[in-house]
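The values are calculated or read from the model by the stated rules, or taken from the named source; none is laboratory data. Remember, it's a predicted structure, so these values are computed and weren't measured experimentally. We place every Cβ from the backbone using ideal geometry, glycine too, and count neighbours over all the protein chains shown. Side chains included, ligands, DNA and RNA excluded: accessible areas come from the protein's heavy atoms. Shrake-Rupley method; radii C 1.70, N 1.55, O 1.52, S 1.80 Å.
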Amino acid sequence: MSISLNTDKNTENTEKKEIEIRVTAMNITSEVYGRLYDLHVKPIYRFVYFKVNSREEAEDLTSETFLKAWDYISKSNKANQIRNLRAFFYQVASNLVVDFYRKKSLFPVPMGSLETDIEPLDDKETCIEKMEKEVEISEVRKALKNIPENYGDIVIWYYLEDLKISEIAQIIEKTEGAVRVLIHRALKSLKRELEKIDKEKKLLIHNRENSEINASV
Amino acid sequence: MTSREVLCKIKELEKIEPNDAWVKSTRSFVVEYAKIGETKEKQVFKSYLSQETISGKLASFVSSFRIRTLAPAVSFAAIIMLMGNFVMVKAENSLPGEKLYTVKILSEKIQLAMTFSDDRRVAMKFDLAEKRLNELTSITETSTGANQGGAANPAVGTAAESFKEQLNSALAEMDSAAKTNTDSKKTMALAKIADTKTSDYAKKMENALGKNASSATKGQISDVASKIEAANISALTALAKAGQDSQDSKDVAVKVEEKIKTTEEKADLIQEKVLTVLVNKEENELAIKLLDQARGILAEAKKLIATDPAKALEKITVSNEMTKVAEKMIEAGSAVVATPSPTPDIAASPTPTVSVSPEVSPDPSPKATDGAATPKPTLSPAVSSNSTPAPSASPKTTPVPTAPIL
């Protein structure tokens with residue numbers, strides 16, 4: 001088994017580290033798997049969270065992802081065919097979400113309201129700031145839900161989690177060229193949606209102001 | 001809206017994070033799961049046997065069924081594993097009488113039931129016996145302070161019993177394994193395990209006896225000590241019988257010689273005690289005669305070390321019994337308090353059926369004939385019936401305690 005862990009700081013965007021792991025899927029020990037978990041749990045959780053409705057469901061599916069991935073890695077004969085582990089985790093997660101919804105469609109559950117997305121991270125945050133953040137995030141989430149699902153996935157993978165084109169190609173089993181096209185279309189689609197939401201918001205505010213003016217008259 | 005703004009908004013999503021506590025607990029859960037699944041064997045049985053922990057066994061059992069809907073199986077296994085690990089750690093240190101003790105026993109039973117190979121079963125049973133012994137010593141240590149007065153702690157009795165039971169079970173397993181398997185190397189290996197384990201037990205017992213001052217408790221556990229000694233002799237006998245080459249016989253011979261030495265030392269020790277404690281001339285002479293006989297038999301055993309170690313071990317057993325009798329006399333003699341103490345059986349080795357020769361006890365008091373297996377608490381009634389208002393060191397007549405042969 002060969003592991004090399006290169007940690008390069010991506011100075012351009014945020015302090016998010018770009019981590020490249022070359023691990024042959026065979027011979028992964030539980031210890032190594034623990035570290036893999038550490039590296040991927042948050043992105044996978046995020047990815048799942050955008051697709052499901054609640055934190056609990058996201059948690060369940062995320063843990064299931066790691067277990068199922070392990071099963072495949074440790075037991076299957078084809079384990080050494082996995083080219084990229086990060087992409088692999090997303091594949092597993094993605095399939096699990098699909099299964100999840102398939103099962104759910106048999107027992108329809110009324111969709112609850114979107115929960116608070118952010119855990120109170122910072123005490124220094126005021127309530128208003130937190131609400132502002134939430135509003136923004138919920139806007140993006142809403143937009144994501146309104147565009148086709150595969151577009152949403154691509155946006156998240158490419159722009160949020162900084163996956164490589166080759167990795168995305170592995171997940172969705174398409175060529176890299178196709179992936180590039182998809183990325184372009186997905187971003188455009190999201191942009192349009194966000195603009196739409198923005199317009200609606202402005203309209204709402206405008207209407208409210210008008211009605212207030214009318215009321216005070 | 002510019003593309004850049006869109007990208008910024010997307011990046012905002014980074015703030016969404018899972019709950020820290022959940023991340024940690026899931027991590028340990030996943031790693032545990034991975035640890036279990038670490039074996040490469042595809043066969044269910046093999047992965048079965050390679051798991052040592054209960055939760056490992058259960059989880060590997062569950063995961064070996066490729067159930068389509070993984071979720072219920074996973075959560076079931078998850079609950080068992082998480083619960084299992086947490087509870088098991090707490091239960092490990094529990095003692096008889098505590099709430100988690102039944103969990104501990106239950107898990108041991110399950111583990112034993114899931115072990116199929118002979119060697120592992122034997123080793124496991126000896127380990128379990130060791131656990132029972134540890135529990136026993138813990139109890140005796142804690143009951144030292146409480147029971148200086150002399151009343152026996154019933155918990156000690158039950159712990160002693162369960163240890164003896166477990167030891168017997170281990171020996172039985174070893175015997176049946178010896179019968180069914182043809183590989184003498186294996187039999188020898190098992191006998192060696194038995195020997196090492198029983199020697200360990202003996203040391204532990206010595207420590208415990210040393211620490212504990214209460215005479216009642218001592219009585220209970222010295223019985224355990226003799227059982228251990230008997231078990232060790234059985235193990236050595238098995239070893240002697242299974243040994244093939246000259247190296248094995250040498251090892252056995254060394255061990256037997258050691259044993260003879262320790263038995264002699266014990267006899268000497270008892271003799272010293274006799275001289276100081278037993279004031280009554282008759283008893284004194286009797287005890288010394290017993291010890292001389294014991295030493296004589298040991299001398300015979302010495303001659304047999306090289307040629308017939310099994311027989312030598314038999315002789316050691318007999319000599320042990322005689323020494324024990326002398327020891328009992330001392331205990332009876334030094335008993336000042338009239339409260340009856342439970343007389344433990346004199347445990348004898350299961351293999352040889354040798355009777356205590358009649359010359360040993362030429363005394364008018366009633367004594368049971370050979371073969372009688374009922375233990376009579378002869379000491380206590382004798383003490384109470386003969387006790388005078390002034391506590392005397394030695395009652396007038398002391399019937400020789402019977403030596404029931406088991």
Can you name every residue in the stretch B:172-187 that is in a helix (DSSP H, G or I) and surrounded by fewer than 22 Cβ atoms within 10 Å (Cβ to Cβ)?
B:Ala172, B:Glu173, B:Asp175, B:Ser176, B:Ala177, B:Ala178, B:Lys179, B:Thr180, B:Ser184, B:Lys185, B:Lys186
Among the residues of the stretch A:35-60, what is the count of those that are within 9 Å of chain B (Cβ to nearest Cβ) and open to solvent by 10 Å² or more (accessible area, probe 1.4 Å)?
7
Going through the stretch B:1-27 one residue at a time, which ones are aliphatic (A, V, I, L, M) and open to solvent by 30 Å² or more (accessible area, probe 1.4 Å)?
B:Met1, B:Leu7, B:Ala21
Cβ pairs under 6 Å, 6+ apart, first in the stretch B:124-141 and within 14 Å of B:Ala160 (Cβ to Cβ), second crowded, with 21+ Cβ neighbours inside 10 Å and aromatic (Phe, Trp, Tyr):
B:Arg132/B:Phe163; B:Leu133/B:Phe163; B:Leu133/B:Tyr201; B:Leu136/B:Phe163
From the list A:Ile156, A:Ile168, A:Ile147, pick out the single residue that is open to solvent by less than 50 Å² (accessible area, probe 1.4 Å), more than 14 Å from chain B (Cβ to nearest Cβ) and touching a residue at least 24 places away in the same chain (Cβ under 8 Å).
A:Ile168
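Filter the stretch A:191-217 down to the residues that are hydrophobic (A, V, I, L, M, F, W, C) and either under 28 Å from A:Arg83 (Cβ atoms) or surrounded by fewer than 14 Cβ atoms within 10 Å (Cβ to Cβ) (or both) and list them by number. Step through it out loud before you land on a result.
Step one: list which residues in the stretch A:191-217 are hydrophobic (A, V, I, L, M, F, W, C), which gives A:194, A:197, A:203-205, A:213, A:215, A:217.
Of everything in the stretch A:191-217, those that are hydrophobic (A, V, I, L, M, F, W, C) and either under 28 Å from A:Arg83 (Cβ atoms) or surrounded by fewer than 14 Cβ atoms within 10 Å (Cβ to Cβ) (or both) turn out to be A:Leu203, A:Leu204, A:Ile205, A:Ile213, A:Ala215, A:Val217.
Considering only the stretch A:16-35, I want to know if a residue exists there that is within 23 Å of B:Ala21 (Cα to Cα), in contact with a strand residue (DSSP E or B) (Cβ under 8 Å, 6 or more places away or on another chain) and at pLDDT below 90.
Of the stretch A:16-35, the ones within 23 Å of B:Ala21 (Cα to Cα) are A:16-17, A:30-35.
Right, trim to in contact with a strand residue (DSSP E or B) (Cβ under 8 Å, 6 or more places away or on another chain) and you get A:17, A:32.
Right, trim to at pLDDT below 90 and you get A:17, A:32.
So far as the stretch A:16-35 goes, yes, one or more of its residues are within 23 Å of B:Ala21 (Cα to Cα), in contact with a strand residue (DSSP E or B) (Cβ under 8 Å, 6 or more places away or on another chain) and at pLDDT below 90.
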